[in-house]
Structure formats: C-alpha cells, structure tokens
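The values are calculated or read from the model by the stated rules, or taken from the named source; none is laboratory data. Please read all numbers here as calculations on a predicted model, not as lab measurements. Counting neighbours? That spans all protein chains shown, and the Cβs are built from the backbone with ideal geometry, glycine included.
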Amino acid sequence: MDFKKKLILMISIFAVVSAVLLTALIFSGFDIKKRIKQVSELRGEINFQTRAIQNLALLRQDKTEADIYSAELSGVLINRDQLVNFSKDLSIMANQNKIDLGLTIGVETQKTENSPGKTAFTLSVKGSFDDLINFLRTLENSKYFINLNSIDFTRQEDKFKALINGEVFSF
C-alpha cells in the first residue's frame, strides 16, 4: 500500500504543480498581450512624434525662406506711415505733367498675415491726352505699388478728363 499512496501523492503533486503552471501560463499570456498592445501604442506615439519633429524642422526652414521674402516685400511696399505723403506726391506728379488733380482717399484695409494693407482712392484728373498718359506712366513708376481698378476717359473739347479708381498697397 505504500506504493499506491506514494503514486497517488506523486500524481497529486504533479496535478497541483501542473495546474499552478497552467494558471501562471494563462495569466502570463494575458499580460503579454496587454504589454504587446502597450508597445504597439508607444510605437505609434513615437512615429507620430517623429513625424511632428520632421514637420517642425521643415516649417522652420520654410520660415527662414518666408522671412527673406517678407524682407523683400517690405522693401517693395511702402510702410503704412508713408501713405501720409501719397496725396502730396500725387500733386507733385500732377504738376510735373501739367494735370489738374482731385484726390479722394477711400477705405483703408489693414494688412493681414496673408495680404498687405491697401487704401482705396479715386483720382479726378484733367489735361491733354499726352499729359494724362505721361501722368499715368509717372504714377506707374513711382515708389507706390498701385492697382488701378478702372479708368474712365471723357473728352471735353481739346482736353481729356479721367476718373481713376485704384488701391495703393502698404506693408
């Protein structure tokens, strides 16, 4: 009987140890799945942050280029404060070209991040046709960056009259 008891004891110990090991293996499997999911999420986060850092580097490079262009634009466009001289300079150009000038300053639009500031204006000019053309050329070659929206010419005997609507841009 001793042999039977030892055999039953050995089988019982083996069953208990097997049950404990099987339970540990099942819990380890769940833990491993959980950790694999965590590692996968962390890899995704690392990939996202890597792309964000690369995009930031590209944006910094683009900003350097944009600063260069911004400096060039500020050299091309007059400063908003210099618009004070716009009417005086137009009067000088009109006198040089023997033109009678009337100027009305319209609505000012402030500059934004994407576009320069602009101020609408209306010119009423009167003179000979050649003098009007010379005045427009002088205006085109002036330090002001101007967009002429419309020019309406009318003839009055040997003189011409023009109504000019436009915008002057500033930085």
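Per the listing V20, V39, V16, V84, the residue uniquely at negative phi and in the same structural domain as N134 (by TED's automatic domain parsing) is V84.
Considering every residue within the range 137-145, establish whether at least one is modelled with pLDDT under 95 and assigned to a strand (DSSP E or B). Yes, that holds for at least one residue.
Return the total of residues in the range 66-85 being in contact (Cβ under 8 Å) with a residue 24 or more places away in the chain and assigned to a helix (DSSP H, G or I). Reasoning before the result, please.
Taking the range 66-85 first, the residues in contact (Cβ under 8 Å) with a residue 24 or more places away in the chain are 73-74, 76-80, 82-83.
Those still in the list that are assigned to a helix (DSSP H, G or I) too: 73-74, 76, 80, 82-83.
Total satisfying the criteria: 6.
Every condition in (1) modelled with pLDDT of 90 or more; (2) part of a loop (DSSP other than H, G, I, E, B); (3) basic (K, R) holds for K88 except the one numbered (2).
Considering (1) in contact with a Lys or Arg (Cβ under 7 Å, 6 or more places away or on another chain); (2) in a strand (DSSP E or B); (3) crowded, with 16+ Cβ neighbours inside 10 Å, the lone condition that D131 does not fulfil carries the number (2).
Mind checking whether some residue in the range 17-39 is out of contact with any Lys or Arg (no Cβ under 8 Å at 6 or more places or on another chain), in a helix (DSSP H, G or I) and within 30 Å of E113 (Cβ to Cβ)? Scanning the range 17-39, I find no residue that is out of contact with any Lys or Arg (no Cβ under 8 Å at 6 or more places or on another chain), in a helix (DSSP H, G or I) and within 30 Å of E113 (Cβ to Cβ), so the answer is no.
Return yes when I92 is in the same structural domain as E157 (by TED's automatic domain parsing), of a type in the set (V, I, T), more than 29 Å from the chain's Cα centre (by Cα) and farther than 17 Å from L163 by Cβ and no when it is not. So I92 fits the description; yes.
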